[in-house]
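Handing you this structure, nothing more for now.
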Amino acid sequence: MNKLRLVVNNAVRRLDAMFPGYFASAKHNHYKDFGYPETLNFQQLYGMYTRNGIAQAGVNKTVLKTWQDNPFLLEKERDGSEVGQSDETTLEKQIRQRFDDLRLWPRLSEADGMSLVGAYSGVILRFADSKLFEEPVDRVPGGLDGLVEVIPAWEGQLTVSQWDTDERSESYGQPKMFQFNESAVDSKQQPRSFVVHPDRVIIWSKNGTVHGKSILEPGYNDLLTLEKVSGAGGEGFWKNAKSAPVLEVDPEAKLTEMARMMGVPIDELVDKMNDQVEDWQKGFDKLLMVQGMEAKTLGITLPSPEHFFAIALQSFAASINMPVKILVGMQTGERASKEDADEWALTNMSRRNNYVIPNIRALIQRLVRVGILPKRDWFVDWTDLTESSMSEKIERASKMADTNQKMGTGVIVFTDEEIRAVVGYEPLSDADKFANEPTDDETRDALGTKPKDTVE
């Protein structure tokens with residue numbers, strides 16, 4: 001190696017030492033530098049949900065939009081074309097009433113929100129089968145009355161206590177037993193704690209297993225940044241408003257005379273001044289004795305936190321697929337745009353179809369297996385979140401009727417059934433179609449004529 005190369009290497013090493021992180025070869029742990037945790041557990045995610053308003057809004061608004069209304073359980077799928085057969089059946093009515101008594105849909109909505117905070121949530125089913133929670137379920141007598149209670153559980157409350165490690169088992173790699181500890185999250189006076197068999201548990205997650213992901217995990221660092229910016233802004237404002245005065249001593253100040261007036265020795269004057277300034281800041285003393293001194297305050301110019309806050313807020317909103325205006329609203333009177341609202345409705349419709357309804361189907365299949373529900377081609381019917389408002393539907397139907405009228409006599413572009421379908425109405429039956437048609441007698445009475453077979 002020549003002398004020039006040695007000089008260059010020595011210079012590079014010196015520059016690396018003087019400016020660490022400037023060169024491409026620098027190694028950094030950004031999580032440690034920025035104060036972010038390298039790994040996340042349920043307690044951290046749950047704490048963020050309960051203490052951070054933005055995190056709670058992201059979870060709650062997602063659940064509220066998804067569960068904007070409750071679904072209906074139908075014996076089979078009906079698309080509205082079955083004229084005269086769209087009324088609620090007796091079994092569907094009984095199911096609806098029993099589910100209302102159990103508050104089933106609100107309980108599932110609660111479990112849905114829990115699954116967004118943790119990797120999963122659980123729905124514990126309490127059956128009237130006279131067995132312990134830790135025992136498997138065969139058949140439950142009593143039909144719909146056999147389902148007694150639905151208990152939603154957080155990930156931190158419902159943990160896997162035993163796994164199926166038998167490679168010959170059909171449930172290999174799946175939980176063999178759960179441990180439910182209600183006090184792990186909630187602080188109730190009489191918390192419940194028991195071992196529960198998987199037959200009595202529905203795991204609520206994106207993939208139906210305990211290996212899901214929290215919706216808060218991708219944006220967790222952004223939530224911490226929001227707390228830092230908000231907390232630093234508040235702390236800086238408080239310190240600036242309550243900053244301690246700086247005492248500048250005049251060279252000609254008579255400290256001995258000041259100590260005598262305060263009734264302390266000269267060597268305790270500094271401590272006495274500290275106590276006096278502290279009492280003055282707290283408002284106990286209205287007078288600050290500064291004989292021979294000048295009290296000044298250190299003014300601090302605080303940067304505006306809005307821009308720093310907005311960057312982290314937008315990043316978190318993107319991590320949960322939610323428009324910022326819907327996440328936090330607008331304080332200037334501007335509402336979320338129609339494009340944002342439509343996109344948000346599409347996002348939650350996709351979440352319904354790919355996340356929520358599969359979990360509901362798993363619950364229905366479990367109820368069928370244990371005999372709570374009979375075997376049917378069960379269909380979960382749910383209104384469309386992207387559906388137009390009634391005013392928009394009526395306007396569309398009016399335009400369709402105007403089109404028919406403009407086409408002239410004998411040309412029909414849209415049928416009556418198609419126009420009714422636009423506003424969400426089912427086709428009329430023949431009885432309804434001709435319900436207002438006048439009878440022959442009514443027509444003759446209106447015209448003042450007599451029947452042809454009448455003899456004068």
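Please work out the FRET efficiency for the pair ASN354 and ASP69, using the Cβ-Cβ distance as r and a Förster radius of 30 Å; give the result to the nearest 0.05.
In this case the efficiency is close to 0.95.
Report relative contact order for the range 42-217 in percent, whole number only (criteria: Cα-Cα under 8 Å, sequence separation at least 6).
Computed over the range 42-217, the figure is 24 percent.
Now for a separate question. Given R₀ = 51 Å, what would the calculated FRET efficiency be for VAL411 paired with VAL328, taking r from the Cβ atoms and rounding to 0.05?
Calculated value: 0.45.
Which of the pairs LYS76/LYS375; LYS176/LYS206; LYS93/LYS131; LYS65/LYS338; LYS61/LYS325 have their Cα atoms more than 22 Å apart in this structure?
LYS93/LYS131
Next question, about the same structure. For the range 42-217, build the charge dipole from Cβ charges (+1 Lys, Arg; -1 Asp, Glu) around the Cα centre, then report which of VAL117, THR90, SER169 sits farthest towards its positive end.
VAL117
Sticking with this structure for a sec: Placing unit charges on C-beta atoms (Lys and Arg positive, Asp and Glu negative, everything else neutral), compute the dipole magnitude of the range 342-426 about its Cα centre in debye, rounded to 20.
640
Okay, next question. Based only on other Cβ atoms within 10 Å, what is the fewest-to-most ordering of ILE151, ILE311?
Least to most surrounded, the residues fall as ILE311, ILE151.
By count of other Cβ within 10 Å, fewest leading, how are ASP275, ASP129 ordered?
Going from least to most buried by this count: ASP275, ASP129.
Under 8 Å for C-alpha pairs, at least 6 residues apart: give me the relative contact order for the range 126-239, rounded to a whole percent.
So the answer I get is 20 percent.
Within 10 Å of each residue's Cβ, count the other Cβ atoms and sort PHE34, PHE178 from fewest upward.
PHE34, PHE178
Since every read-out is calculated from the coordinates, none of them should be taken as a lab result. Being a predicted model, the structure only gives us computed values, none of them experimental. Backbone-built Cβ (ideal geometry, glycine too); neighbour counts: all protein chains shown.
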